[in-house]
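Accompanying notes for the structure given below.
The values are calculated or read from the model by the stated rules, or taken from the named source; none is laboratory data. Note that the structure is predicted; figures quoted are calculated from it, not measured. In this analysis, Cβ positions are derived from the backbone assuming ideal geometry, glycine residues included, and neighbour counts consider all displayed protein chains.
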Amino acid sequence: MTTQTATQKNPSFVLQAPNKVVYEDRPVPELPSQYDVIVKPRWTGICGSDVHYWVEGRIGPFVVESPMVLGHESAGIVHAVGDKVTSLKVGDRVAMEPGVPCRRCVRCKEGKYNLCPDMAFAATPPFDGTLARYYSLPEDYCYKLPEGMSMEEGALIEPTAVAVHITRQAAIKPGDSVVVFGAGPVGLLCCAVAKAYGATKVVTVDINEERLQFALKYAANASFKSARVSAEENAKNMIKECGLGPGADVIIDASGAEPCIQTAIHALRMGGTYVQGGMGKPDITFPIMAMCTKELNVKGSFRYGAGDYQTAVDLVATGRVAVKQLVTGKVKFDDAESAFRDVKQGKGIKILIEGPEE
């Protein structure tokens, strides 16, 4: 049966207003420059930020003020290439890095392009996302998928790159003990990347028993279920139950939850490292005395930077990080809204949306 979107030239999944999405036939993009390519996204994962825009219409200072195509975790097939493109050809399968910086500012030139103030990031207002038949990108923001890597795995490179960046911020090294708060997709991938980097103890923390059990089968080798007690007591119990000695070497928060952040600071050893990967409330009560007296290294982490995407591709291609197990559902393009609904309700781990029918 022919669907409505199959007859459109460039069917796109568009957020018009909070909780209102429609399918629109957008213009087919032209090549912005001779160094760009046009990709046909074949699989797209749903991220918490996508759902947040769908429900709230904003994330912090980023407000949806005009209709916006959703989606940014994608892999696709190269459809057209600019005259100066040398690394790709039509038909190549690629993971699509969705944020393109200006390349000219101080942050870009020092190699931290994820901090570019003029970043054009897919599905972040005012820029359209990848849930469409066609999407244009510079060739160097498309990463060729190795033989044997599926397109579905390619769509998981984006959250894997997020985990790579978080673990790089943490400077994880062989022998480290690492605790990861939150057993959602990014938290699970942080466990997997930490393990690949040589962490000997990887502890997963969550309040959902089902997710903890999944994490133990996936990449963690210890788990801790948070209780409704003080942060200090939770930390003390975790250190004892998980055999963390004087405290963890590294703790990553992939939850954004205030109690998790507080517990993490108390559960770190002297001189340990804390990285904030999850986003929660804009302001929280933070145990600053513990941070100071332990002389902790406290860092933020935002998206991904130089080398992170290629590292993610390499980790998945070599089997050091597995992503297939994270895919718990797939839907057709015309059922995209149902995928958003499922993610909002916390169903499954990672749901993928197939590209539009031809």
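Data overview
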{"read-out": "Flag for THR204 being touching a Cys at 6+ places or on another chain (Cβ under 9 Å), among the hydroxyl-bearing types (Ser, Thr, Tyr) and part of a helix (DSSP H, G or I)", "value": "no"}
{"read-out": "Qualifying residue in segment 190-200 (condition: in a helix (DSSP H, G or I) and free of Cβ contacts under 8 Å to residues at least 12 places away in the same chain)", "value": "no"}
{"read-out": "Of all residues making up segment 75-108, the number that are small (Gly, Ala, Ser) and in contact (Cβ under 8 Å) with a residue 60 or more places away in the chain", "value": "4"}
{"read-out": "Meets criteria (in the same structural domain as VAL14 (by TED's automatic domain parsing), out of contact with any strand residue (DSSP E or B) (no Cβ under 8 Å at 6 or more places or on another chain) and either closer than 20 Å to ILE353 by Cα or not in a strand (DSSP E or B) (or both)) for PRO126", "value": "no"}
{"read-out": "Criterion: in contact with a Cys (Cβ under 6 Å, 6 or more places away or on another chain) and surrounded by 18 or more Cβ atoms within 10 Å (Cβ to Cβ) - qualifying residue of ILE239, ILE261, ILE252, ILE265", "value": "ILE252"}
{"read-out": "Any chance ILE284 is surrounded by fewer than 17 Cβ atoms within 10 Å (Cβ to Cβ) and among the aliphatic types (A, V, I, L, M)", "value": "yes"}
{"read-out": "Candidate set: segment 170-189, residues that are part of a strand (DSSP E or B) and of a type outside the set (Val, Ile, Thr); chosen: the one surrounded by the fewest Cβ atoms within 10 Å (Cβ to Cβ)", "value": "SER177"}
{"read-out": "Test for GLY346: is it under 23 Å from ASN208 (Cα atoms), surrounded by fewer than 16 Cβ atoms within 10 Å (Cβ to Cβ) and out of contact with any Lys or Arg (no Cβ under 6 Å at 6 or more places or on another chain)", "value": "yes"}
{"read-out": "Evaluation of ASP128 against (1) acidic (Asp, Glu); (2) touching a residue at least 12 places away in the same chain (Cβ under 8 Å); (3) more than 29 Å from ALA6 (Cβ to Cβ) (one fails), failing number", "value": "(3)"}
{"read-out": "Sole exception among (1) modelled with pLDDT under 95; (2) part of a helix (DSSP H, G or I); (3) small (Gly, Ala, Ser) for GLY148, by number", "value": "(2)"}
{"read-out": "Qualifying helices (runs of 4 or more DSSP H) (wholly inside segment 221-313; at least 3 residues being free of Cβ contacts under 8 Å to residues at least 24 places away in the same chain)", "value": "231-241, 288-293"}
{"read-out": "Filtered residues of segment 321-358 (kept if more than 16 Å from GLU152 (Cα to Cα) and among the aromatic types (Phe, Trp, Tyr))", "value": "PHE340"}
{"read-out": "Among (1) polar (S, T, N, Q); (2) surrounded by 24 or more Cβ atoms within 10 Å (Cβ to Cβ); (3) outside the structural domain of ASP253 (by TED's automatic domain parsing); (4) over 30 Å from THR7 (Cα atoms), the one test that THR167 misses", "value": "(3)"}
